[in-house]
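Heads up, the thing below is written out as structure tokens.
The values are calculated or read from the model by the stated rules, or taken from the named source; none is laboratory data. Since this is a predicted model, take the numbers as computed values, not measurements. As a convention, Cβ positions derive from the backbone with ideal geometry for all residues, glycine included, and neighbour counts pool all protein chains shown. Note: areas computed on protein heavy atoms with side chains; ligands, DNA, RNA excluded. Shrake-Rupley method; radii C 1.70, N 1.55, O 1.52, S 1.80 Å.
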Amino acid sequence: MRFFLTFFFFLSLNVFAQVDLMTPRQPAQKDPFFNAKMNPQAPPAEKVHHVHSDTFGKNPLKYDGNPFFEGHVKFEHKGSTLTADIVILYQEQNFVKAIGNVKLVNPDGSVITAGEMEYDGETERGIARNNVILTDPKQTIKTETLYYDRVSNLAYFNTGGSIYANNSVTYVKNASYNIATKVINLTNNIKIENNQYTLIGDNIVQDQNTNIATINGPTTITNKKNTSNVIYTEKGSYNQNSKEVYLNKNSKIYYNGKVLTGDTMYFNQTTGFGTSKGNVTLDDPKENRYIKGGYGEIYQFKDSAMVTDKPYAVKVLQNDSLYFSADKFLTFQKPDSNLVKKSFLRAYKKARFYKSNAQARADSLSFNETDGVMHLNGAPMLWSGTKQVTGDKIDVFFNTKKEYIDSLKVIGNAFAISKADSMNLKDEFNQIKGKLMTVYYKENEVKLAKVIGNAQAITYADDDNTKTGVPERIGIALSTCGTIEADFTNQKIQIISCNIGANSDIYPMSKISKKQRFFPDFNWNTKDRLLKWQDIFKDSPNNPEIIYTSDDSIYQKAEEERKKLEEKNKPKEIKRERR
């Protein structure tokens, strides 16, 4: 390109030396592009050498009376060669025009072909028109009009063109090429295509030396094999060699039906690995679930992701939502034995879960979202209504169609506690425990509990007064069985079956002490219960402790009566007289 510009600068001077011409009648009608200030201190240029033309002439009826060369016209300058069908010389203006099959070959291997070329030796500017093709070792540029400036080493077009380089094709409205630095500034209606991706944007600055494109303005990069996998950004850079993208403004990565966003992002199209920092959101519309945090990673080809730095997740349901928090979230998809793809969410360390009718905390959480199965591990504790459930492990089963909990399965040291009467603050609690417990829900409320293995229960027994119809406390049932089934109706618990080594007795309140009303491992926890979804962010909500009143008066009074009776029934000692 440099030789192309230099060549035209010397063209008129060489012609002046080789032919003696009369002053032309009409000057050339120049494009406004040639109206540039001249440098009065610039040294005289070396003349070009006219090698060949079939004819030379000057005709008042042709080219406004200016001299012209015709037929296999050839000029040389410092190794550059220009050929054309016709070359017209505007001697006084130091301006030339080449017409027909114009071709410029430079020593560096670059070649420009066009229908015509113009060059102003005074301003060192030139224009190539009509099917212009510039080829060099880096690229091939095609356009209809190419402007070039030898002083600034810039060439540009603004009527649309295409650039072929590095196994890609660029289509653009405007392009400016710095010949010295090999940097192209592309603007308006940019489209870059290779065999894998399509880039569309408003402004791309591309370095042909490094093959790195700087992105300015709204830009998308689309995967041709899967057009739903798209990268969007408004500022960043794209290394077309390594297929690495750096995203710095309003960026999104669409992959496998998911969307990753963040303040600053990175993605490697070859490995499928990406990162996001600051205000991270990983959205999975298919699962109606999103995860937010401070840092995220995605693994496109493994269809998995990780979010950390104070993360939380929300699974949006039609009538309710599930809220999760933990130190770290993992999400992935994998096929089951029937090759059905399943979606999984895992939460590690200080896992929390909130739903309007169920809340839980555990060391870790694993959720099969497709089948609706959640596993709580590590000292899990779950609350549902006025009930509390603990155990070594708790499995929660959801009805994915109706979006509510079907049942719970508590494995190891299963323990369920329920307030005997939620309308008062008495320390009266129904308790059921055993090795394995299954809790069944009906219409989002606990309906039935089945306990297997060393089943034990402490339940409060009430009976309706036949006169007033008001329930009256008749005592407490202590049950020990191989299996227990308990019915939950109207916030009450009723033991409906007690099998295998059954031993169940109801003790009146006067015959059961306060200590006997609680299992040794009783732990009614209201301080750590999640009362609202925002509590998932806290290690503990530290709810105000509820002070329950203890009424042991009936037992104490009965104890006093028993003691009095014992004292009364004790045999009297006979006093002996001394002799």
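If Ile127 meets every condition in (1) within 29 Å of Pro43 (Cα to Cα); (2) modelled with pLDDT under 90; (3) not acidic (Asp, Glu) apart from one, which number is that one?
Result: Ile127 fails condition (2) only.
Would you tally the residues in region 85-105 being open to solvent by less than 10 Å² (accessible area, probe 1.4 Å) and either more than 57 Å from the chain's Cα centre (by Cα) or at pLDDT below 90 (or both)?
The qualifying residues number 6.
Give region 165-181 a look and list any residue that's open to solvent by less than 80 Å² (accessible area, probe 1.4 Å) and part of a strand (DSSP E or B), or say none.
If the condition is that a residue be open to solvent by less than 80 Å² (accessible area, probe 1.4 Å) and part of a strand (DSSP E or B), then Ala165, Ser168, Val169, Thr170, Val172, Asn174, Ala175, Ser176, Tyr177, Asn178 are the ones that fit.
Could you list, ordered by first residue, the pairs with Cβ atoms under 6 Å in which the first is in region 502-525 and part of a loop (DSSP other than H, G, I, E, B) and the second is among the charged types (D, E, K, R), at least 6 apart or interchain?
Here the result reads Lys514/Asp552, each pair linking region 502-525 to a residue that is among the charged types (D, E, K, R).
If Asp363 meets every condition in (1) assigned by the TED database to the domain that holds Ile432; (2) touching a Gly at 6+ places or on another chain (Cβ under 6 Å) apart from one, which number is that one?
So the condition that Asp363 fails would be (1).
Among the numbered criteria (1) at pLDDT 90 or above; (2) open to solvent by 50 Å² or more (accessible area, probe 1.4 Å), which one does Ile500 miss?
Just one mismatch for Ile500, condition (1).
Just the residues that are of a type in the set (Ser, Thr, Tyr) and over 20 Å from Asn241 (Cα atoms), please, taken from region 135-161.
Correct list: Thr135, Thr143, Thr145, Tyr147, Tyr148, Ser152, Tyr156, Thr159.
Just for region 316-325: of the residues that are under 18 Å from the mean Cα position of the chain (by Cα) and open to solvent by less than 50 Å² (accessible area, probe 1.4 Å), which one is nearest to Tyr404 (Cα to Cα)?
Phe324
Sort out which residues of region 112-146 are part of a strand (DSSP E or B) and open to solvent by 30 Å² or more (accessible area, probe 1.4 Å), and write them in order of number.
Selection gives Thr113, Glu116, Arg125, Arg129, Asn130, Asn131, Ile133, Thr135, Thr140, Lys142, Glu144.
Counting just the residues of region 265-315 that are open to solvent by less than 60 Å² (accessible area, probe 1.4 Å) and among the polar types (S, T, N, Q), which one comes out nearest to Met374 (Cα to Cα)?
Once the filter is applied, the top-ranked residue is Ser304.
For region 364-449, please list each of the strands (runs of 3 or more DSSP E) lying entirely inside it that holds at least 2 residues being not hydrophobic (A, V, I, L, M, F, W, C).
Correct list: 373-377, 387-390, 393-399, 404-419, 429-442.
Of all residues being of a type in the set (A, V, I, L, M) and open to solvent by less than 20 Å² (accessible area, probe 1.4 Å) in region 412-431, which is nearest to Asp392 (Cα to Cα)? Just the residue, please.
The selected residue is Ala414.
Looking at Thr483, Thr466, can you tell me which residue is more than 19 Å from Ile394 (Cβ to Cβ), in a strand (DSSP E or B) and modelled with pLDDT under 90?
None of the others qualify; the one that does is Thr483.
Out of Asn413, Asn444, which single residue is at pLDDT below 90 and of a type in the set (S, T, N, Q)?
Asn444
Tell me, please, whether a residue that is within 23 Å of Tyr555 (Cβ to Cβ) and either β-branched (Val, Ile, Thr) or surrounded by 13 or more Cβ atoms within 10 Å (Cβ to Cβ) (or both) can be found in region 439-457.
yes
Please count how many residues of region 331-343 are crowded, with 18+ Cβ neighbours inside 10 Å and either outside any strand (DSSP E or B) or modelled with pLDDT of 95 or more (or both).
Number satisfying all stated conditions: 1.
Just give me the residues in region 195-212 being crowded, with 16+ Cβ neighbours inside 10 Å and either among the aromatic types (Phe, Trp, Tyr) or in a loop (DSSP other than H, G, I, E, B) (or both), in sequence order.
Tyr197, Gln208, Asn211
Among the candidates Lys225, Lys249, which residue alone is within 26 Å of Phe329 (Cβ to Cβ) and either part of a loop (DSSP other than H, G, I, E, B) or among the polar types (S, T, N, Q) (or both)?
Lys249
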